[in-house]
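Written out below as structure tokens is the structure these notes cover.
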Amino acid sequence: MLEIKNLHARIVDDGTEIIRGLNLTVRAGEVAAIMGPNGSGKSTLSYILAGREDYEVTEGDILYNGESILEMDPAERATSGIFLAFQYPMEIPGVATMEFLKVAMNEQRKARGEEPLKIPEFLKRVKDAAASLNMDMAMLKRPLNVGFSGGEKKRAEILQMKLLEPKLCVLDETDSGLDIDALKIVADGVNALRSPDRAIVVITHYQRLLQYIVPDTVHVLYRGQVIKSGDKSLALDLEANGYAGVIGQAA
Amino acid sequence: MPAVQDTIDRVRKIDVDQYKYGFQTEIAMDKAPKGLSEDIIRFISAKKDEPSWMLEWRLGAYRRWVTLDEPKWARVHYPKIDFQDLHYYAAPKSTPGPTSLSDVDPELLRVYEKLGIPLKEQEILAGVQKTDVSEFEEASDNVYKSGRVAVDAVFDSVSVVTTFKKELAQAGVIFCSISEAIREHPELVKKYLGSVVPTSDNFYATLNSAVFTDGSFVFVPKGVRCPMELSTYFRMNEKNTGQFERTLIIAEEGAYVSYLEGCTAPQRDENQLHAAVVELIALDDAEIKYSTVQNWYPGDAEGKGGIYNFVTKRGDCRGDRSKISWTQVETGSAITWKYPSCILRGDDSSGEFYSIAVSNGYQQVDSGTKMIHLGKNTSSRIISKGIAAGFSQNTYRGQVSAHRKATNARNFTNCDSLLIGDQCGAHTVPYMEAKNATAQFEHEATTSKISEDQKFYVMQRGIPEEEAIALIVNGFVKDVIQQLPMEFAVEAQKLIGISLEGSVG
């Protein structure tokens, strides 16, 4: 589903190269974890997948279902099924969460040539999804992410992911700032989305989240490259021995 | 579901050019020769069958005007206007005072249709009661359902259609063109016209006093709550015709009225001057709510050909406990020079100003308000949201003052500016002056930019760039949109979306 080939990318403003020949393949139905020390390029990778303009791809390609997405803008990538759950979701003052959900869902439907959702159907979907994440409907009347706690923001991200039904989900440090109860709820939400036609990429610093979202593959990112790949035992190994060992082997 | 939310969808459905309403209709015009002189004023007055006192009033204003200079203090720049190169009167020929819709030139009705906006008003005009409104419209547009909007349509300079007169008359409300009021209710016009904005007030108001051709007149007698929203659609049409509307609204003791004004104009090459005057008078315990959505042609991509909008709007809270509220959404015009103000004369009176000013391209906006506290325990509230995009300049200019005798005057001012891109400018120029030590004035101001982070986040959910910006901007202005009557809120959001098209990329 996702194929990243020899990707090189830099920051547009100052030319700093962050991604340096990264290769990664994630198949449909797979949950892939991307781990790595701070500054290894994890969040940058998520931004580049989502099409952020601050980064420039200088070499290589990103194929999604066999086709390059490099020329697509963030909205086009989103409507094609790529979703990024942000590490730091943005506040959108004056725009009720509910309103935002409706606009986003209907924009995506429009792009696919579908009719906008009827209001009762829309409400039903939102209610069901919110209930599964233990979210209060009253919260959805508040402006999106404004004044939300860290945990509420992350839940709101997962809520959006559920409702938009993406094919490739990228979760950037979704566990940061969550207490253990919230972490379980969020993980349950993600696990419920596991399906044979969907790939999930979980970017995380710690192994903790992977106890709840058990990955099929684990990839270690260091200095803009995947330096080691393995199964879930690799994550446990990293937890026990730190990144130093893996980095040493690669060097 | 809040209306704001539903209407966002409508905004998205609109697929238009930068300026959707740029077209001209061909209706035979009857107009005065170019230029301004006492003879032209006599011509206008004669055309309108005015009594001699009105002519004298106009001539007095004209003699004053020739001694005045154009104001220069606003942050706007434009080539000098040749006031002798304008027509000061134009009227649609084929409409000698129609009394019903069937008398109206069908071409004119087609204009309304093209405008898109007054579709529902057309139906109301035609007496059509829609029964199969969809669930969507039902939820978001109660005006549609009830059909309770009275329209006084101004096509160029003459009021063509006035509806709902009967029902209004039953309530004792007078809603007609100012020309008709001069003929039918001279005692009221004499008493109130120029009592808020005197003929000597300022260059443009004085010009308007000399040459105004039409506008609306509303009189709500003592104790009457006007049974419906009153609405006027202005539209300039004839080439090189300055438009000089004059509106006068009087709410007697304990009366209430809500008035809506909306505008749109055809595209053209030459600049059009617009200098309206609006006077509001609220007596004891009366309340007037005045809402505007302004979308005049802002000029082409290089900033040429847009409308110059120099407007004097002022409300006088003449009675105790009276209230005047201005709400405006300004998206059009090449130049906007406009300061809807309140004179808080009565004790315990209050004034409000809610404003959204959107500028894009090369538009220049210099707008704000004055709150003049004269009576005791008077209060005022100013919420201004300026949005600048493209190469535009957007200035908030406000004055809050408390007179020596204005014990316990209170004001709260909040001015927020939002910048889109890095070629535009936002400016805030507040003046505050308290001559009474008990006055309490608060002022808050912020300037922010739509961040790339916000835009990226919204787009990542599948919302295209321009819609993403419109969504963020509509969030920014929500406080003000909520002040608008429902049907205007729909229109306002639509216009904000349209106005910002092309502001990115």
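The values are calculated or read from the model by the stated rules, or taken from the named source; none is laboratory data. Computed from a prediction, not measured in an experiment: that's the story for all the values here. Ideal geometry is used to build each Cβ from the backbone, glycine not excepted, and the neighbour counts take in all protein chains shown. When the accessible area is computed, the model is the full protein with side chains, heavy atoms only, and any ligands, DNA or RNA have been set aside. Shrake-Rupley method; radii C 1.70, N 1.55, O 1.52, S 1.80 Å.
Go through the stretch A:163-169 residue by residue and turn each phi into a ³J(HN,Hα) via Karplus (6.51, -1.76, 1.60, θ = phi - 60°); whole Hz please, and just put x for glycine and proline.
These are the phi-based 3J(HN,Hα) values: 6, 7, 6, x, 9, 10, 9 Hz.
Using 7 Å Cα-to-Cβ label points, what is the B:His427/B:Thr446 separation (nm, one decimal)?
Those two pseudo-labels are separated by 2.4 nm.
Using a cut-off of 16 Å between alpha-carbon atoms, which lysines can reach B:Lys405, once sequence neighbours fewer than 8 places away in the same chain are excluded?
B:Lys376, B:Lys435
If you roll a 1.4 angstrom probe over the protein chains with everything in place, what fraction of the accessible area of the stretch A:2-250 belongs to carbon and sulfur, to the nearest %?
Answer for the stretch A:2-250 is 48 percent, counting heavy atoms of protein chains only.
Would you calculate the separation in nanometres between label points at B:Arg225 and A:Ser132, each defined as 7 Å from the Cα along the Cα-to-beta-carbon direction?
4.8
Over all directions, how big on average is the projection of the convex hull of the alpha-carbon atoms in the stretch B:323-466, in square nanometres?
Details: hull surface 36.1 nm².
If you wrap the Cα atoms of the stretch B:323-466 in a convex hull and average its projections, you get 9.0 nm².
Take the Cβ-Cβ distance between B:Glu167 and B:Ser200 as r, set R0 to 51 Å, and report the resulting FRET efficiency rounded to the nearest 0.05. Walk me through the intermediate numbers first.
Details: r = 39 Å, r/R0 = 0.76.
The computed FRET efficiency comes out at 0.85.
Taking Rh as the Kirkwood radius computed over C-alpha pairs, what is the Stokes-Einstein D of the stretch B:442-486 at 25 °C in a medium of viscosity 0.890 mPa s, expressed in µm² per second?
Numbers: Rh = 12.0 Å.
Here the translational diffusion coefficient equals 204 µm²/s.
A:Glu17 to A:Ile119: FRET efficiency via 1/(1 + (r/R0)^6), r the Cβ-Cβ distance, R0 35 Å, to the nearest 0.05? Before the final figure, lay out each step's value.
Numbers: r = 49 Å, r/R0 = 1.39.
The value I calculate is 0.10.
In terms of the ratio Rg/(2.2 N^0.38 Å) built on C-alpha atoms, what value belongs to chain A?
Compactness ratio reported: 1.00.
Please report the spacing between the Cα centers of the stretch B:456-475 and the stretch B:173-200 in Å, no decimals.
Measuring centre to centre over Cα atoms gives 47 Å.
Am I reading the B/A interface right? What is its buried accessible area, both sides, 1.4 Å probe, to the nearest 100 Å²? Working shown, then result.
Details: alone 19560 and 11940 Å², together 28640 Å².
Interface area, both chains combined: 2900 Å², rounded to the nearest 100.
Suppose a student asked you for the relative contact order of the stretch B:241-400, using Cα pairs under 8 Å spaced at least 6 residues apart; what percent would you report?
Working: 538 pairs, mean separation 30.0, N = 160.
Relative contact order, the stretch B:241-400: 19 percent.
Note down the nm distance, to one decimal, between modelled labels 7 Å out along Cα→Cβ at A:Leu236 and at B:Asp85.
8.6
Check cross-link reach from A:Lys154 to the lysines: straight Cα distance under 26 Å, and skip same-chain residues fewer than eight apart.
Answer for A:Lys154, where 26 Å is the Cα cut-off: A:Lys42, A:Lys102, A:Lys124, A:Lys127, A:Lys141, A:Lys162, A:Lys167, A:Lys184, A:Lys232, B:Lys449, B:Lys455, B:Lys478, listed by chain and number.
Restricting the calculation to Cα positions, tell me the Rg (one decimal) and the Dmax (whole number) of the stretch A:1-124 in Å.
Expressed in Å, the Cα Rg and Dmax of the stretch A:1-124 come to 16.7, 49.
Can you list residues whose amide H is under 5 Å from B:Ala426's amide H, if they're 5+ apart or on another chain and H is modeled 1.01 Å from N?
Counting only residues 5 or more places away or on other chains, the set is B:Asn394.
Would you pull out the residues with amide H under 5 Å of B:Asp214's amide H, same chain only if 5 or more places away, H placed 1.01 Å from N?
Excluding prolines and chain starts, which carry no amide H, the hits are B:Phe244, B:Arg246.
Applying 1/(1 + (r/R0)^6) with R0 = 30 Å to the Cβ-Cβ distance of A:Arg208 and A:Asn6, what FRET efficiency is obtained, to the nearest 0.05? Write out the running numbers ahead of the final one.
Working: r = 32 Å, r/R0 = 1.06.
Between A:Arg208 and A:Asn6 the formula returns 0.40.
Where Rh denotes the Kirkwood radius from the mean inverse Cα pair distance, what is Rg over Rh for the stretch B:265-398? All intermediate terms of the calculation are to be shown ahead of the outcome.
Numbers: Rg = 16.0 Å, Rh = 15.1 Å.
Rounded to two decimals, Rg over Rh is 1.05.
What translational D, rounded to a whole number of µm²/s, comes out for the stretch A:105-175 from Stokes-Einstein when the hydrodynamic radius is the Kirkwood one over Cα pairs, at 10 °C and 1.306 mPa s? Show your work: numbers first, answer last.
Numbers: Rh = 13.3 Å.
Answer from the Stokes-Einstein relation: 119 µm²/s.
Quick one: which residues, 5 or more positions from B:Lys313 or on another chain, have an amide H under 5 Å from its amide H? H modelled 1.01 Å from N in the peptide plane, none for Pro or chain starts.
When sequence neighbours closer than 5 places are left aside, the close amide H contacts are B:Val278, B:Tyr339, B:Ser341.
With θ set to phi - 60° and the Karplus curve 6.51 cos²θ - 1.76 cosθ + 1.60, what are the ³J(HN,Hα) couplings of the stretch A:39-51 in order, to the nearest whole Hz, using x for Gly and Pro?
Rounded to whole hertz, the list is x, 7, x, 5, 5, 4, 4, 5, 5, 5, 4, 7, x.
Which whole-number percentage describes the relative contact order of the stretch B:318-464, with Cα contacts under 8 Å and a sequence gap of 6 or more?
On the way: 431 pairs, mean separation 28.5, N = 147.
Answer for the stretch B:318-464 is 19 percent.
Report the Stokes-Einstein translational diffusion coefficient (µm² s⁻¹, integer) for the stretch B:377-424, Rh taken as the Kirkwood radius over Cα pairs, at 20 °C with viscosity 1.002 mPa s. Could you put the intermediate results ahead of the total?
Values: Rh = 12.8 Å.
The diffusion coefficient I find is 168 µm²/s.
For chain A, calculate the relative contact order in percent as a whole number, restricting contacts to Cα pairs under 8 Å that are 6 or more residues apart. If you can, show how the numbers build up before the last one.
Details: 449 pairs, mean separation 71.8, N = 251.
Computed value for chain A: 29 percent relative contact order.
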